[in-house]
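Every read-out reported here was derived from the displayed coordinates using simple, explicitly stated rules and does not represent laboratory data. Quick caveat, the model's predicted, so the values are computed rather than measured. Quick reminder, even Gly has a Cβ in these numbers, built from the backbone with ideal geometry, and neighbours come from all protein chains shown.
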Amino acid sequence: MAKIIGREINNIPWQDKPEGYQYPVWRYDGNPIITRDNLFFANSIFNSAVVPFGDGFAGVFRVDTRTRDQVLVTGFSSDAINWKLTDKYIFDGYDPRLCEIEGKYYLSWVKLTVHGTVIGIAYTTDFENWTELEEAGYPVSRNGVLFPRKINGYYMMMSRPSDTGHTPFGDIFVSQSKDMEFWGHHRYMMGAYKGDASAWQSTKIGAGPVPIETDEGWLLIYHGVITTCNGYVYRMGCALLDIDEPWKVKYRTKDYIMAPITQYECMGDVPNVVFPCATLSDAATGRITIYYGCADTVTGMAFTTVDELLNYVKENSL
Ligand code: BMA
């Protein structure tokens, strides 16, 4: 078994892979786990981030309100399936990721400014009080995702330079910082794949959850987009990155690992979207639970293991 380097989470949500199921990621049979019914002012609650916190779990949730404002709220859970969301907005914006580094929980998200979207960064230790840091770079950028430890003395963050619209292009870059304030040493990591060999990721890609450290490298789950007659379709892939120079991609899935196929992934405010923003992973068992937005409307959960993903990416690599 490949090893996850990280904490044990013995109460990680889990269901075994269904008998006869052929693919590396399978859905929770109680999906969706979060809907607009979780908050009276919500139009939709999706693309959200969770982490272990105390004896349970905490999260930052993307809520599009009933005025269609985009805000982030906190939430708490003892089992990581049933969530109690607060009605306090912590920031405007969308697509939060949460990353624990040296006892602080860092939030990176798509912050809205008059000049376009930027990567906002803030941290908390208690999910009550937040300290906002300098924005990481200038507009327009999205999908800012931190690595969970310093690498060779640098904090590292992936991001995806964008435009002010629905961005018909997009590649992943890695930036480095000594202090979480000044970012530089930018490196290209990987881009949309031009060609039929892997058309599901031919328009744009973006980092998903915080990467998982393994004894074989960083395991990254990301989203890939294709343009169809009916608009964009968002699917999930994964890649294995070099442990010391994570802009070096060792393997990357040719086939996707998950696509919108259920009713709650294919119907909603934006149909045909699965958008992963967080995982929980258990170093003892290799289990990984993925949290993902479904059709920009509700939040779902899916399961895999470190071996399922590593075997799949090696056997199906571009
Ligand atoms: C992206 C982001 C995501 C969203 C996706 C599909 O550009 O805005 O929040 O899930 O589009 O609409």
Once the piece of chain linking LYS178 and ASP307 is laid out straight, how much longer is it, given 0.36 nm per residue of separation minus the C-alpha distance between them? 43.2 nm
By how many nm would the segment from MET267 to GLU128 lengthen if fully extended, with 0.36 nm per residue of separation less the alpha-carbon distance? 46.6 nm
Give me the extension gain from VAL114 to THR65: residue separation times 0.36 nm, minus the current Cα-Cα distance, reported in nm with one decimal. 15.6 nm
Coordinate range along principal axes, alpha carbons of the chain, Å, largest first: 45, 45, 44
So what is the relative contact order for segment 72-112, in percent, with contacts set as C-alpha pairs under 8 Å and at least six apart? 32 percent
Put +1 on the Cβ of every Lys and Arg and -1 on every Asp and Glu Cβ in the chain; which of SER159, LEU219, VAL51 then has its Cα farthest towards the positive end of the dipole? SER159
Hey, what did the chain get for relative contact order, percent, Cα under 8 Å, at least 6 apart? 20 percent
Rounded to whole Å, give me the distance from the Cα center of segment 252-318 to that of segment 202-230. 10 Å
Show me, for segment 153-167, the HN-Hα J-couplings you get by feeding each phi into the Karplus relation (A = 6.51, B = -1.76, C = 1.60, θ = phi - 60°), rounded to Hz, glycine and proline as x. x, 10, 5, 10, 9, 8, 8, 9, x, 9, 10, 7, x, 8, 6
How big is D for segment 229-318, in µm² s⁻¹ as a whole number, if Stokes-Einstein is applied with the Kirkwood radius of its Cα pairs at 20 °C and 1.002 mPa s? 151 µm²/s
For segment 31-166, max minus min Cα coordinate along each principal axis, in Å, sorted largest first? 39, 36, 27
Simple SL model, points at 7 angstrom along Cα→Cβ for ILE243 and GLU102; separation in nm is 2.1 nm
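Roughly how many debye, to the nearest 20, is the charge dipole of the chain about its Cα centre, given +1 on each Lys and Arg Cβ, -1 on each Asp and Glu Cβ, and no other charges?
Rounded to the nearest 20 debye, it is 580 debye.
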Of 216-223, 8-15, ordering from highest average Cβ density within 10 Å down gives 216-223, 8-15
